[in-house]
Amino acid sequence: MSISDFIADLYYLLLILTTIVFSVSTVYGARKFLPITICLIIGCLCEFFTFLIREHHLLIMGEQNNAIVGHVYKWTSFLTFGFFLYSVQKSKAVKRLFVYLFSICAFIGVCSQLMIKQYFLQNDPWLAFSLMSGVIIASMIYYIKLLKDTEGYPYITTGIFLVSGSFLISSAVNGTYVDVDLEVWFFRESINRIVLIIMYVMFLLGAYLFFKKEDSFKLQRIQQ
């Protein structure tokens, strides 16, 4: 087994594991995790459809093209990550700022999508730039608040920040990988998956600490 195959297998394993953990966590009371859970489920579906397209089991308008899958995943990541960062804020001023920020990013993203003539067949590198930039800025604002607050979700925010930056850079340089050697393309995919693996580990750690804190809080109430 090559290193790229190991990274790919680890990526799929952690994607499925994290999806299951967050789905169960949401059912058992971690309502704040619902946006992340939706993103993970959509991510699993996108990987499944990408597999079908890659294996020629599914064609988009007669072509082997997963551009529409990329559009769906970018919008899903933007909406779910953005809503999570918005929902964990306590300051009304910061929430209002996030509404303005995400609205502007969404407007730019829609305008970018309207310029695509063949929506189902054409990738849009500007979409990731417009959407993920907003998520990165929101993550940085939340980081600054976490320096003062004792409660929050630093690990989940770290995962969101890292993967948003990686996704933005990857999409921005996507056009430079046309007609390059497949080994270079697989190397880029491996780097992207390493970042995603780190994100899933951060998500799992965040979920673990959340329930550990909840159990500690319940134990203190019982003792009182």
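General remarks:
- Inclusion of residue 59 among residues that are modelled with pLDDT under 90, among the hydrophobic types (A, V, I, L, M, F, W, C), open to solvent by 40 Å² or more (accessible area, probe 1.4 Å) and at negative phi is warranted.
- Just one of the listed residues (104, 68, 53, 36) is modelled with pLDDT of 95 or more, surrounded by 14 or more Cβ atoms within 10 Å (Cβ to Cβ) and hydrophobic (A, V, I, L, M, F, W, C), namely 36.
- The sole residue among 58, 52, 17, 40 that is farther than 24 Å from residue 209 by Cα, assigned to a helix (DSSP H, G or I) and in contact with a Leu (Cβ under 8 Å, 6 or more places away or on another chain) is 52.
- Entry remark, the stretch 8-33: residues being touching a residue at least 24 places away in the same chain (Cβ under 8 Å), open to solvent by 50 Å² or more (accessible area, probe 1.4 Å) and hydrophobic (A, V, I, L, M, F, W, C) number 3 in total.
- Scan the stretch 71-101 for residues that are farther than 23 Å from residue 46 by Cα, surrounded by 12 or more Cβ atoms within 10 Å (Cβ to Cβ) and either among the hydroxyl-bearing types (Ser, Thr, Tyr) or in contact with a strand residue (DSSP E or B) (Cβ under 7 Å, 6 or more places away or on another chain) (or both) and the total you get is 2.
- Checking each residue in the stretch 110-134 for being touching a Gly at 6+ places or on another chain (Cβ under 6 Å) and either among the acidic types (Asp, Glu) or modelled with pLDDT of 90 or more (or both) picks out only 131.
The values are calculated or read from the model by the stated rules, or taken from the named source; none is laboratory data. The shown structure was predicted, so the numbers you read here are calculated from the model rather than taken from an experiment. A quick note on method: Cβ atoms are made from the backbone with ideal geometry, for glycine too, and the neighbour counts reach across all protein chains shown. Side chains included, ligands, DNA and RNA excluded: accessible areas come from the protein's heavy atoms. Shrake-Rupley method; radii C 1.70, N 1.55, O 1.52, S 1.80 Å.
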